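Taking it in order: structure first as structure tokens, then the write-up.
The values are calculated or read from the model by the stated rules, or taken from the named source; none is laboratory data. No experiment lies behind these values; they were computed from the predicted model shown. We place every Cβ from the backbone using ideal geometry, glycine too, and count neighbours over all the protein chains shown.
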Amino acid sequence: MRDFSSDHRWLSINTATVRRQHGRDWCLLDILDACAARGIRAVSPWRDQVAAAGLTNVATRLKTHGIELSGYCRGGMFTYADEAGRQQVRDDNLRALDEACTLEAPCLVLVVGGLPGALAGRPAHHDIAGAREQVREGIAWLLEQARARRMPLAIEPLHPMYAADRACINTLAQALDLCDALDPSRSGALGVAVDCYHVWWDPLLQQQVARAGRERLLAFHVCDWLVPTSDLLEDRGMMGDGIIELPKIRGWVEAAGFGGYSEVEIFSRANWWQRDGGETLDVCIERHCRSV
């Protein structure tokens, strides 16, 4: 297991962590400048932040600073209620793929979607098995487009509390079952993003991480689960402030062959998004050394 105690060489910042400061949006270009000033070598930007700053501008700034990507957030949301919705899903995922290629991302992270319409509060039906079949179909289709672009896809299982509206793939085992069905040769084109916030509770986590192996482990995300948690979406904790055994999970991931970045991804409306963004980055560096 790598020693993170003396430097932050393997720290990446998912830019959602500092998307807001003092309760206001922080421009992605300024976030990149602040990361570079602190020797942070990698980020994982969100598509809406890239769109706001301009794709070409972001690509240029990344190259200027020599900052890599640990992933690109996000594709997916594969479920739909009608044929028009199906086409919109495909069009949006093709755009996401092309953006990931422009930014030279190592993978496009997939949050697969739940019941169609549920995220807006109007689920079209209650058939979660049907939603999962649409997800399988969508990933199979996108995989062919991704292979042509040589852009790996990383399925991110989300905590079961998001099964209805954000992701009906909720365990690492479910994600790996899809990988095995759609990419049985373990080609590296399809794998998983292991986000500790979503999978820490799973009693089969160690076994499934080992099953994933180096070919399937494409991204590793860290933050902490607070007790109590006041908001199930936007009250993630800074590493070391909650109850997740982050070093233990990282040990499992690295034993399985992962040697990439530990990507800090924190949604924190009432805490970290109210602070100065530079302060948040400084704490991320310190906690990466001490608590990851």
Breaking point among (1) in a helix (DSSP H, G or I); (2) more than 23 Å from residue 130 (Cβ to Cβ); (3) among the charged types (D, E, K, R), for residue 177: (2)
Given (1) in contact with a Leu (Cβ under 7 Å, 6 or more places away or on another chain); (2) crowded, with 19+ Cβ neighbours inside 10 Å; (3) not in a loop (DSSP other than H, G, I, E, B); (4) not hydroxyl-bearing (Ser, Thr, Tyr), number of the condition residue 135 does not satisfy: (1)
Pairs, first of a type outside the set (D, E, K, R) and modelled with pLDDT of 95 or more in region 82-94, second surrounded by 15 or more Cβ atoms within 10 Å (Cβ to Cβ) and part of a loop (DSSP other than H, G, I, E, B), C-beta under 8 Å, six or more apart: 85/116; 88/80; 89/77; 89/78; 89/79; 89/80; 93/78
Selection count where residues are β-branched (Val, Ile, Thr) and in a helix (DSSP H, G or I), scope region 10-40: 4
Leading residue by the ranking (nearest to residue 89 (Cα to Cα)) among those in region 33-63 that are in contact with a strand residue (DSSP E or B) (Cβ under 7 Å, 6 or more places away or on another chain), crowded, with 20+ Cβ neighbours inside 10 Å and among the hydrophobic types (A, V, I, L, M, F, W, C): 43
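Every residue, every condition in (1) at pLDDT 95 or above; (2) among the basic types (Lys, Arg); (3) more than 24 Å from residue 107 (Cα to Cα), yes or no:
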position: 223; (1), (2), (3): yes, no, no
position: 243; (1), (2), (3): yes, no, yes
position: 254; (1), (2), (3): yes, no, no
position: 278; (1), (2), (3): yes, no, yes
position: 290; (1), (2), (3): yes, yes, yes
Inter-residue pairs, beta-carbon under 7 Å, first crowded, with 24+ Cβ neighbours inside 10 Å and in region 182-200, second of a type in the set (Lys, Arg), 6+ apart: 191/216; 192/216
The lone exception for residue 208 - which of (1) part of a helix (DSSP H, G or I); (2) in contact (Cβ under 8 Å) with a residue 40 or more places away in the chain; (3) of a type outside the set (D, E, K, R) it fails: (2)
Flag if residue 265 is acidic (Asp, Glu), modelled with pLDDT of 95 or more and touching a Phe, Trp or Tyr at 6+ places or on another chain (Cβ under 9 Å): yes
Test: residue in region 214-228 that is aromatic (Phe, Trp, Tyr), over 21 Å from residue 179 (Cβ atoms) and crowded, with 20+ Cβ neighbours inside 10 Å: no
Set 43, 58, 50: member being free of Cβ contacts under 8 Å to residues at least 60 places away in the same chain, out of contact with any Gly (no Cβ under 8 Å at 6 or more places or on another chain) and assigned to a strand (DSSP E or B): 43
Residue match in region 64-71 (condition: more than 21 Å from residue 264 (Cα to Cα) and exposed (fewer than 13 other Cβ atoms within 10 Å of the Cβ)): yes
Members of region 229-251 that are in contact (Cβ under 8 Å) with a residue 40 or more places away in the chain, in contact with a helix residue (DSSP H, G or I) (Cβ under 7 Å, 6 or more places away or on another chain) and either surrounded by fewer than 19 Cβ atoms within 10 Å (Cβ to Cβ) or under 15 Å from residue 159 (Cβ atoms) (or both): 232, 240, 244, 249
